[in-house]
1. Going by the structure shown, is S686 in a strand (DSSP E or B), at pLDDT 95 or above and open to solvent by 50 Å² or more (accessible area, probe 1.4 Å)?
2. Considering each residue of the stretch 516-562, count those that are basic (K, R) and under 30 Å from V615 (Cα atoms), and give that number.
3. Filter the stretch 484-509 down to residues that are modelled with pLDDT of 95 or more, among the β-branched types (V, I, T) and surrounded by fewer than 24 Cβ atoms within 10 Å (Cβ to Cβ) and give me whichever is farthest from R561 (Cα to Cα).
4. Six or more apart or on different chains, Cβ under 9 Å: which pairs go from a residue in the stretch 814-834 that's of a type in the set (D, E) to one that's open to solvent by less than 60 Å² (accessible area, probe 1.4 Å)? Could you list them?
5. Can you give me the number of residues within the stretch 194-208 that are crowded, with 21+ Cβ neighbours inside 10 Å and at pLDDT below 90?
6. Is it the case, given these coordinates, that T52 is open to solvent by 10 Å² or more (accessible area, probe 1.4 Å), at pLDDT below 90, more than 27 Å from D267 (Cα to Cα) and touching a strand residue (DSSP E or B) at 6+ places or on another chain (Cβ under 9 Å)?
7. Please tell me if Y246 is among the aromatic types (F, W, Y) and either open to solvent by less than 10 Å² (accessible area, probe 1.4 Å) or under 31 Å from the mean Cα position of the chain (by Cα) (or both).
8. Output the helices (runs of 4 or more DSSP H) that fall wholly within the stretch 271-377 and possess 3 or more residues being closer than 24 Å to A392 by Cβ, open to solvent by less than 30 Å² (accessible area, probe 1.4 Å) and not polar (S, T, N, Q), or say none.
Amino acid sequence: MKATEIRQAFIDFFVDRGHTHVPSSAVVPAEDPTLLFANAGMNQFKGVFLGTETRPYTRAVSTQKCIRVSGKHNDLEQVGQDGTHHTFFEMLGNWSFGDYYKKEAIEWAWELLTKLYGIDGKRLTPTVHTTDDEAEEHWKKTVPGIKVLRFDKENFWEMAETGPCGPCSEIHFDLGSEGCMQAGRKGHTCEVNGDCGRYVELWNLVFIQYDRDGSGTKVDLPAKHVDTGMGFERLVAILQGKPSNYESDLFQPLMDRVVDLTKKPYDAGPGGTPHRVIADHVRAITVAIADGAIPSNEGRGYVVRRILRRASRFARNLGVHEPTLWQLVSRVVKDLGPVFPTVRDSAKQVEMIVRGEEERFGLTLDKGIKIFEKMVRGLEGKKGGVISGLDAFTLYDTYGFPLDLTELMAREHDLKVDGRGFEEEMKKQTSRSREAAESDGVKRLDLSSIQFLKGKAVSAFTGYAGIEGRSKVLGAGEIEHEGQEAVALILEQTPFYAESGGQVGDTGRIVGDDFAFDVLDTRKVDDRIVHIGRFVTGTIKSPGAPAEAAVDGARRRRITRNHSGTHVMHWALRETLGSHVRQQGSLVAPDRLRFDFAHPKKVSSDEVFEIERLVNEKIRRSFGLDTSEIAYQEAIKQGILAFFGDKYGDLVRVVDIGGFSRELCGGTHVHHTGEIGFFLISSESSIASGVRRVEAVTGREAIEQVISHRGVIAEMGKLLRAAPDQFVRRIQALQDEIKDLSKRPAPTTIDAKAISRKLLGEATVIGGARLITADLPDIPLADLRRVADSLRSATEPVAGVLATAEEGKVHLLAFVADTLVKGKNLKAGTLIKEIAPIVGGGGGGRPEFAQAGGRDASKIPDALKRAAEIMAKALSP
């Protein structure tokens, strides 16, 4: 069977048995900040297992996109070393939510593997938990005579230290003696869950039947669930009889493309490690970027950058120095696009981003490798050599080498890296890692302190129909919100919109018989809408208390204008720049909107004007907005655009604006585009490779910005002495004038030291000090200062006054050595005030240096004569 047939056969098998085919969720978890990437098929059903959300079906089947590169599920270092480990893989799975249990799960697993796929049952060994008699009994009834093994930790699954958990039954496949990596070792026996590699886990059937509390006690769940997972790549290799996943038809076209681009043949042994790493990593980065994880220096983005740079370095091992990975993206899209629509729809965007990343890293990679090689030479002959944390940090900070890439290169030279020292250097430079952990999504609110909240209490949103409504209190309690103490209040139904899809949460007031509560923010935790704020008066005394909820209407209207404006702008961006434009993030606030999107270059001024023109044209025509609900899969088939970061259920809300813009969106909107009023782009910038950011305003804010701009234009008109339509011509004329002036020869600079030497030689000596007065006509003021500074730096005490006339204006400079200021009480400031009126001016300054200006150059000799008299009197013994 071909890989595509194997995948479809799995899905069809369970659909025929009453399961709903649920599409893979994004590999970037939308509402789970505890996960960098989806790493198991059950991630999208986590809320169902926790009892915080429900689905319209009780049986599901899916193939889930997964990436494992961190925590206990980190296969990064093993990738390429063998034929089974991957960073990206597909997880086939079937689920039961309180429906069937162990009997059906075991029977169907055996039927699928042995009858549909035709695997020899003698090569399959099931395992169960040491306490799970029920599962073992079902195995023996399903397959009489089968040997079932029991294990403890290996066969118990838990989501976390507390919460849903239960025993599991694993199905292991025997690769035969050729699969043993320790064959011939004295005393070795191949065993299931051993370390020789002969028996590989094929399928894991998890039976979620307990809820573990904080004390470790396991309590039976009211409903029992089934959660199964089978690695698709491993299954394909087994069914196709291949010793390595990379040799199956799932990978072969991609491996062939790697060979074509690198011109290096593939070796199934160690020599093929670079080929396998490149093939695996390009699949991972393609899927991750397509789902919104753009390479960056923070959070998920940094993980993607690490994987990409690791692949780039292995390409160097094959002698490839030009960007290559981006040329493999199209092959990945061809393989995975038919199954995962986001991969198909993001092909051009992913290529642009990967190419840009390769080009930037390529500028420093070769230099970094040379620096690394120099470090290695410095450790030659040293047993157990260690690359210092500072050196590893230098490679990271200057040359962009992730730590794991440096560690990989070090191992190739039998060296180690001081990882602790590297972390210390990171802490010295920045707290980026801590900030990144908080920036990858809204921090989940802890509702454990909420009083009255019972079981699966959920909140219904009524805010599409109106902004006021009656309700009753489900719970309230103190929480921490953005580092501050606050109160959380939960209602049975509410018109308050909870922050989601980029739209900020509503604010307003909730009033009851015994309390008044100001809502400062609204967030959603699972199926509960949480109003965050403070009590203005009173408090809530009991559950079920009646309440009147009222959203701040003016603020909501400003938000809806910006949200609808965002949709229209998204359409205009695609119309102007191309269909490759895809949203990467957004913010819809009362005073502005922000939209991040994929595009390889700066949006030009002309393109910005065209986008504004298109949006404002749609506003003037006042198109109506329609909303409807359809099945998610049907929406995707229709090509309706989905917003990045949103979590979609099986039934989705479609916002249709005049037939030209159709988006999946749960936010609030205007009824007609005319309500947006006016649209204006405030800024356009780059936030990452291949990702641009546009900020814009609508309505009143847009008008105020236009008024502000007109004020600036008026001020420019005064400065330029020109009308707005003449600004460009006037500025160009000024630039030409400046350019012309810059070409003129610079004025001859005087020799200040030569002049000061001459003046010192001609000076009058009184009381051991030299007294100088001089008229230096046509010397610029700046040069006159240089002469005065040179005189003051003389070795003997000096006091004097210099004068010049420049373009009809008189300049006088008085200077006195520090020793004369203190010893003779001669002060330049006093002297200059005395003589400045003689030339028709005034001035002042410090005791050591003072300056004056005047209008009558003919009086310069008189001023200098009076200065000489004053100084002579002060300096006389």
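1. Considered against the rule, which asks whether it is in a strand (DSSP E or B), at pLDDT 95 or above and open to solvent by 50 Å² or more (accessible area, probe 1.4 Å), S686 comes out as no.
2. 5
3. Across the stretch 484-509, the extreme among qualifying residues is T507.
4. Close Cβ pairs (under 9 Å, with a partner that is open to solvent by less than 60 Å² (accessible area, probe 1.4 Å)) amount to D818/P797; D818/P847; D818/E848; E834/A867; E834/I870.
5. Result for the stretch 194-208: 1.
6. Working: open to solvent by 10 Å² or more (accessible area, probe 1.4 Å): yes; at pLDDT below 90: yes; more than 27 Å from D267 (Cα to Cα): yes; touching a strand residue (DSSP E or B) at 6+ places or on another chain (Cβ under 9 Å): yes.
When the stated conditions are applied, T52 passes them.
7. So Y246 fits the description; yes.
8. Filter on the stretch 271-377 gives 273-290, 299-317.
The values are calculated or read from the model by the stated rules, or taken from the named source; none is laboratory data. What you see is a predicted model; the values in this text were computed from it and never measured. Every residue, glycine among them, receives a Cβ derived from its backbone with ideal geometry; neighbour counts consider all protein chains shown. Just so you know, the surface numbers come from the protein's heavy atoms only, side chains and all, with ligands and any DNA or RNA stripped out. Shrake-Rupley method; radii C 1.70, N 1.55, O 1.52, S 1.80 Å.
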